[in-house]
Amino acid sequence: MVSIAEVERYKIEEKLAEVKFCTIMSDGSTDVSVSENEIVYIHFAHRGVPYCYFLGLIECESANSEGIYNAIKEALHFKNISVDSILKKTIAFAGDGASVNTGHLNGVIAHFRRNVSPSIIMVQCMSHRVELAYKAALKVCKGWNDAVKTTLVAENYVSEEMDVSITERKVTK
């Protein structure tokens, strides 16, 4: 008996075998047992159509760059295509702006550049960069957190009020 996941993974593998280039994207999360997990996606264009596939949520051996790099490689295991052949097609790695990903000497991108190709491009997610900047600002400006929360609560309240008045206007017309 074959599972849906196996069938879908085979479809990814068929397309991936034909493409010349791909990019890998990952992001970390910590579960309730405080285990570091890495979510891994692969992006490529097959016959002119762009694809983004979820490859897995892999538990990391450790939360350092080597553990994350190994988790990414684990997500790249397929039945008929080797991890090395996928890595040879990889032209970019996308992740957040955390030093564990971006470090030139020991970040995940450094592992890609050492083990795969020195020309792999690092793409940093802008949403994650904003989040990291916000966290850094909170460490410096303690009172700022309360001000931002107050603003966000007020903004949400105003937004909800606007939605109600728009709905009421639609109903009364």
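The values are calculated or read from the model by the stated rules, or taken from the named source; none is laboratory data. Note that the structure is a prediction, hence the values are computed from the model and not measured. When we count neighbours, we look across all protein chains shown, and the Cβ atoms used for this are built from the backbone with ideal geometry, even at glycine.
A few remarks follow.
- Being at negative phi and more than 15 Å from the chain's Cα centre (by Cα) holds for only one residue in GLU66, GLU59, and it is GLU66.
- Of residues in segment 21-37 being small (Gly, Ala, Ser) and more than 15 Å from the chain's Cα centre (by Cα), the one nearest to PHE54 (Cα to Cα): SER35
- For segment 11-44, residues that are surrounded by 14 or more Cβ atoms within 10 Å (Cβ to Cβ) and not small (Gly, Ala, Ser) total 19.
- Flag for ASN80 being polar (S, T, N, Q) and in contact (Cβ under 8 Å) with a residue 60 or more places away in the chain: yes
- Within segment 100-146, the set of residues being more than 19 Å from HIS43 (Cα to Cα) and at pLDDT 90 or above comprises VAL100, THR102, GLY103, HIS104, LEU105, ASN106, GLY107, ALA110, HIS111, ARG114, ASN115, PRO118.
- Residue among LYS15, LYS11, LYS20, LYS88 that alone is of a type in the set (Lys, Arg) and outside any helix (DSSP H, G or I): LYS20
- Counting only residues that are part of a helix (DSSP H, G or I), aliphatic (A, V, I, L, M) and farther than 16 Å from LEU16 by Cβ, segment 59-85 holds 2 of them.
- Scanning segment 108-141 for residues that are part of a helix (DSSP H, G or I), free of Cβ contacts under 8 Å to residues at least 12 places away in the same chain and either under 14 Å from THR90 (Cα atoms) or in contact with a Phe, Trp or Tyr (Cβ under 8 Å, 6 or more places away or on another chain) (or both) gives ARG113, ARG114, ALA137, LEU138.
- Search result, residues across segment 74-117 that are among the acidic types (Asp, Glu) and either more than 27 Å from ILE12 (Cβ to Cβ) or surrounded by 16 or more Cβ atoms within 10 Å (Cβ to Cβ) (or both): GLU74, ASP96
- Test for PHE54: is it closer than 25 Å to PRO118 by Cα, within 17 Å of the chain's Cα centre (by Cα), outside any helix (DSSP H, G or I) and in the same structural domain as ARG113 (by TED's automatic domain parsing): no
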